[in-house]
1. Conditions: (1) closer than 26 Å to residue 132 by Cβ; (2) in contact (Cβ under 8 Å) with a residue 24 or more places away in the chain; (3) among the charged types (D, E, K, R). Residue 32 meets all but one. Number of the miss?
2. Check segment 23-45 and report whether any residue there is under 30 Å from residue 174 (Cβ atoms), among the acidic types (Asp, Glu), crowded, with 18+ Cβ neighbours inside 10 Å and within 12 Å of the chain's Cα centre (by Cα).
3. Conditions first: (1) surrounded by 14 or more Cβ atoms within 10 Å (Cβ to Cβ); (2) out of contact with any Asp or Glu (no Cβ under 7 Å at 6 or more places or on another chain). Residue 122 passes all but one, so which condition is the exception?
4. Return yes or no: is residue 3 in contact with a Ser or Thr (Cβ under 6 Å, 6 or more places away or on another chain), more than 17 Å from residue 84 (Cα to Cα) and either assigned to a loop (DSSP other than H, G, I, E, B) or in contact (Cβ under 8 Å) with a residue 12 or more places away in the chain (or both)?
5. Please go through segment 103-142 and give me each residue that is aliphatic (A, V, I, L, M) and out of contact with any helix residue (DSSP H, G or I) (no Cβ under 8 Å at 6 or more places or on another chain), ordered by number.
6. Quick check on residue 116: is it within 23 Å of residue 14 (Cα to Cα) and touching a residue at least 24 places away in the same chain (Cβ under 8 Å)?
7. Looking at segment 71-88 only, could you name the residues that are buried (at least 22 other Cβ atoms within 10 Å of the Cβ) and either more than 21 Å from residue 42 (Cβ to Cβ) or among the hydrophobic types (A, V, I, L, M, F, W, C) (or both)?
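Only the coordinates and a few stated rules stand behind these numbers; no lab work does. Computed from a predicted model, the values in this text were never measured in an experiment. No Cβ is skipped: glycine too gets one built from the backbone with ideal geometry, and neighbour counts run over all protein chains shown.
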Amino acid sequence: MKNIIAFAGSNSKRSINKDLAIYASTLVEGAEVNVLDLNDFNLPLYGIDYEIANGIPDLAHKFLELIKASNGIILSLAEHNGAYTTVFKNLFDWMSRIDGKLWGDIPMLLMATSPGARGGISVLEMAKARFPFMGGYVVAEFSLPSFGDNFSKGKIVNNELNAKLEEQVKLFNQAL
């Protein structure tokens, strides 16, 4: 059985990106899904002085181990001011100190959503450009615009957008 992890690049307790990641994970055939919550990986703000004095926190190692043990990654990035959230960037920075190719060439479905019509496209484009240098094997991508209008009761309610996500999940599933 395929083991995938699904998570949002957000620490919001009401993360719409986590909702999207969970929904997408239900569309993957024959997979055991481990939904991760960044709130369970509370890390100090990365800084070289902290790293020299204290080393790399165990929780950064643990998160990276979960990535490396998976067959696939579903990640939906929240966008703050056109970029990664601070909590995601901090985790990303810590893991990169352990392994510069932190994504391990594991198939990835990369997504973003937002309340607005752009659907987090800026952070999605940023990640698509950066992740391959860090071992990111992005096999599928999806942006969901206007989350409040297009997602309800745990699923995408816009048939056209749902069909687009299903196409991307199919590509992801084939890469697993």
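1. Status for residue 32: all satisfied but (1).
2. no
3. (2)
4. Taking the combined requirement at face value, the residue satisfies it.
5. Selection gives 117, 121, 123, 124, 126, 127, 129.
6. yes
7. Scanning segment 71-88 gives 72, 73, 74, 75, 77, 78, 79, 88.
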